[in-house]
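The values are calculated or read from the model by the stated rules, or taken from the named source; none is laboratory data. In this text, all values refer to a predicted model and were calculated from it rather than measured experimentally. Methodologically, a virtual Cβ is constructed for each residue, glycine included, from the backbone with ideal geometry; neighbour enumeration extends over all protein chains shown. The protein model used for the area step is the full one, side chains on, heavy atoms only, and it has no ligands, DNA or RNA in it. Shrake-Rupley method; radii C 1.70, N 1.55, O 1.52, S 1.80 Å.
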Amino acid sequence: MGEDKPAYRRVLIKLSGEALLGDLPYGIDFKRTREIAREIKEVRELGVDVAIMIGGGNIFRGAHGVNEGMDRVSADYIGLLSTVINGIALQDALEKEGITTRLISAIEIRSLAEPFIRRRVLRHLEKGRVVIFTAGLGSPYFTTDTAAVLRALEIKAEVILKATKVDGVYSADPMLEAGATRFDSIKFLEVIQQELKVMDSTAIILCKDNNLPIIVFNLNVPGNIKRAILGEKVGTMVS
Ligand code: UDP
């Protein structure tokens, strides 16, 4: 092991629903989900406590329902349920890799997920189980980013690893503007003032007020989760 010394003992990984898309336009690519599970296994093997907040954007986002004329609350509940669907897929993939997991849902779905009970979740983490948080905070008008920050604070994670499809935080959207430059590190206040797209503003402010750093990195580069946890320079550190 020697050089593989993790920089963090406990992390919360924010996986957007899109992470599970692979090359699909919609839904869950099970092959891609297994690849992610294998990467999570690698960091578990370092002895790091891992919790995951999974999004639902590959299936349904509240905003989409609203655009189609739905009531925001109903649309958000569909979004919430889509995160549970993703959580089940991720749990299955992790267990196929031999990892013990617990699925937690912020809305009660007793037959397949546990409710969020902080002390119980802490116990799971102490026992080396990977905890998968689904259904965000269980309330409409929130995102899984904000849920990720709150849960990270509650379980005393030392960092949020925000897995994305770009290499970090840029001065502008790199998919749209060729001249966009990437930051190695950036302050919360700059993210807020420059309205940079890292997480939604509620999530960023919660991180800032509680000094919880975020590493924004590209999940599509194999090994990046482990690199980030080993303290190597990947993506952008927001602190
Ligand atoms: N959502 C919600 N409350 C929460 C978390 C999520 O209402 O605490 C809903 C919201 O409609 C959101 C959807 O669930 O659009 C999917 O979550 P999100 O968009 O955060 O997923 P991601 O973009 O990470 O895939």
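Label-to-label distance, Ala7 versus Glu190, with points set 7 angstrom from Cα along the beta-carbon direction: 1.6 nm.
When the charge dipole of the chain is built from unit charges on Cβ atoms (+1 for Lys and Arg, -1 for Asp and Glu) and taken about the Cα centre, the candidate among Ser111, Gly138, Leu206 whose Cα reaches farthest toward its positive end is Ser111.
For the chain, the mean residue ellipticity at 222 nm estimated from helices alone is -11000 deg cm²/dmol, where every DSSP H run of n ≥ 4 contributes -39500 (n - 2.57) and the total is divided by all residues, rounded to the nearest 500.
Arranged from highest to lowest average of other beta-carbon atoms within 10 Å per residue, in what order do the peptides 101-109, 170-178, 60-68 appear?
On the way: 101-109: 19.6, 170-178: 12.1, 60-68: 16.0.
Ranked from most to least packed, the peptides come out as 101-109, 60-68, 170-178.
Give me the extension gain from Ile117 to Ile78: residue separation times 0.36 nm, minus the current Cα-Cα distance, reported in nm with one decimal.
Working: separation 39, 0.36 × 39 = 14.04 nm, distance 2.32 nm.
Gain on extension, Ile117 to Ile78, equals 11.7 nm.
Taking packing as the residue-averaged number of other Cβ atoms within 10 angstrom, the listed peptides 186-197, 152-163 run from highest to lowest as 152-163, 186-197.
Over all projection directions, the Cα-based convex hull of segment 1-52 averages an area of 4.1 nm². With the convex hull drawn over the C-alpha atoms of segment 105-239, the volume per residue is 130 Å³.
Among DSSP beta bridges whose residues both lie in the chain, state the antiparallel percentage, nearest 5. List each step's numbers first, then the result.
Working: 4 of 31 bridges.
Taking every DSSP beta bridge within the chain, about 15 percent pair in antiparallel fashion.
Exposure check, 1.4 Å probe, all protein chains in place: Asp209 carries approximately 110 Å² of accessible surface.
Less than 16 Å from a label point 7 Å out along the Cα-to-Cβ axis of Asn220: which backbone N atoms in segment 177-207 qualify, by residue? 177-178, by backbone N distance to the label point.
With a 1.4 Å probe and all protein chains left in place, how much accessible area per residue does the chain have, in Å²?
On the way: 11730 Å² over 239 residues.
That works out to 49 Å² for each residue.
With a 1.4 Å probe and every protein chain kept in, tell me what percent of the accessible surface of the chain is carbon plus sulfur.
Values: 5820 of 11730 Å².
Taking all protein chains in place, the chain shows 50 percent carbon and sulfur surface.
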